[in-house]
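Read the figures in this text as sums done on the coordinates, not as results from a lab. Note that the coordinates shown come from a computational prediction; the quantities given were computed from them, not determined experimentally. Cβ placement follows ideal geometry from the backbone for every residue including glycine, while neighbour counts extend to all protein chains displayed.
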Amino acid sequence: MTMENKLYYQDAYISSFSAELVRQGLDESGRNYAVLTQTAFYPTGGGQPFDTGILNGVEVVDVEEIDGEIRHYIKEPLEDGMPVEGKIDWDRRFDHMQQHAGQHILSAAFEELYGYKTVSFHLGKDTLTIDLDIESLSAEEADRVEELANRVILENRPVMTKWVDEDELKQYKLRKALSVSNNIRLVIIPEFDYNGCGGTHPNSTAEVGHLKILGWERQKKIIRVEFVCGQRVLRELGQKHDILKQLAVLLNAPEQEMVSAVNRLLGQKKTSEKSIEEMRDQLLKYEAADLAAANTEEIVSRVYQNRGIQELQKLARMLAVQAEDKVFLLVAENDDKLQFVFARGKNTRGNLKEWSKHALSMIDGKGGGSDQLVQGGGRFMPGEEFISEISKIIK
């Protein structure tokens, strides 16, 4: 398809068009696609996603350029021999135009102020990212760059596109090297940004609306900056405002005092958790004392339901101290697995590690421990049956 037939390059604001059906078929995965004599549908490329819309009322779900032809992937085949009326989803297209132009402005601002170069760009459904060829970024730098980017947006500078050849390139100070040597398309914001790009953009920076950096993180040796432009800024603001209103009710505090309210709650939670842990330990002590005193047998066993291994370990240690002449076999049936803790008082004999090996072989499990206490877990089997088999080995 020639550049003249790519209507999005003639005018990014074209949202409907007429064309003839060249051919249609199925791709390797069985998806229907149609090729037209001309199109306003932008195919995925250069970091910008494809357009969606309809062809003769049939939904277009994907657009790709493959081997020089633009394929419109459609939910069902078109009727042969009929003229094609196409209409793109304008809200989606204009959003992509805002975001892509905003990316040019932000990348140029980073380079203008600090010489930080953009090495890649991704336009996602909700946010955008650029990867900067640096290993750290300060909040002060991000604030200055965001301020410059929004100033350029408010200045309503023109955003121009121009097709040039390699000789004409010499008169432009490009932000990055080009990956093509023919059909070179420049996107220009005069006296600010000159960049090779095949995406769609608005006619002026003012149409970008606003730009907001949301955050950044280090990814190996680059910094990935997340941001939004245009209507997405208002969407982000609206979502965050709704969340803040809900939090204000839950915390019973105005927005300005939320951080203090949350810190206060976290402090109370930490204190409560400590108190609960102390009470649990106290209950374990009473439980251990009752269990140790109530049994005259040398081997004491118990099967519990849904009891954590750490709690069993604590209980077993307490029992071994309080009843130095006893062996304790504690087992927990936890959902679809069986866990155990064996402990013995210092006045008893027996090889806990050897017992543990037999126990683990019965449940295809894993575990470990010392001469005084072992633990492990594996596939489920009834706890009483498990205890019975281990008791035979011990005796």
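Odds and ends about this structure:
- For Kirkwood radius over Cα pairs in Å, the candidate list reads (1) 23.2; (2) 27.5; (3) 21.9; the entry that matches the value derived from this model is (2).
- Over the range 3-88, Cα pairs under 8 Å with separation of 6+ residues give a relative contact order of 33 percent.
- Contact order, relative form, for the chain: 9 percent (alpha carbon pairs under 8 Å, 6 or more residues apart, mean separation divided by residue count).
- Between the range 45-96 and the range 261-308, the Cα center-to-center distance that results, in Å: 63 Å
- Once both labels are positioned 7 Å from their Cα atoms along Cα-to-Cβ, the gap between ASN295 and GLU155 label points is 8.2 nm.
- Taking other residues whose beta carbon is less than 14 angstrom from the beta carbon of GLU287, and scoring Lys, Arg as +1 and Asp, Glu as -1, yields +3.
- Highest to lowest packing among 383-390, 282-289, 33-40, 146-153, scored as the average C-beta count within 10 Å: 33-40, 146-153, 383-390, 282-289
- Among the listed pairs LYS220/LYS366; LYS75/LYS176; LYS314/LYS353; LYS220/LYS240, those with a Cα-Cα distance over 27 Å are LYS220/LYS366; LYS75/LYS176; LYS220/LYS240.
- What the Cβ-Cβ distance of LEU214 and ARG144 gives, at R0 = 22 Å and to the nearest 0.05, is a FRET efficiency of 0.85.
- Extended-chain gain in nm, criterion 0.36 nm per residue less alpha-carbon gap, SER29 and GLU76: 15.5 nm
- Note on LEU250 and ASP133: their simple-model spin labels are 4.4 nm apart, each label 7 Å out from Cα toward Cβ.
- Highest-fluctuation residue, GLN103, GLN231, GLN256 considered, GNM on the chain with Cα pairs under 10 Å: GLN256
- The chain: calculated mean residue ellipticity at 222 nm from DSSP helix runs of at least 4, using -39500 (n - 2.57): -12000 deg cm²/dmol
- Over the range 259-363, relative contact order from alpha-carbon pairs under 8 Å, at least 6 apart, %: 21 percent
- What the phi angles of the range 266-273 give under the Karplus curve with 6.51, -1.76 and 1.60, with θ = phi - 60°, is a coupling list of 5, x, 5, 4, 4, 5, 5, 4 Hz, glycine and proline written as x.
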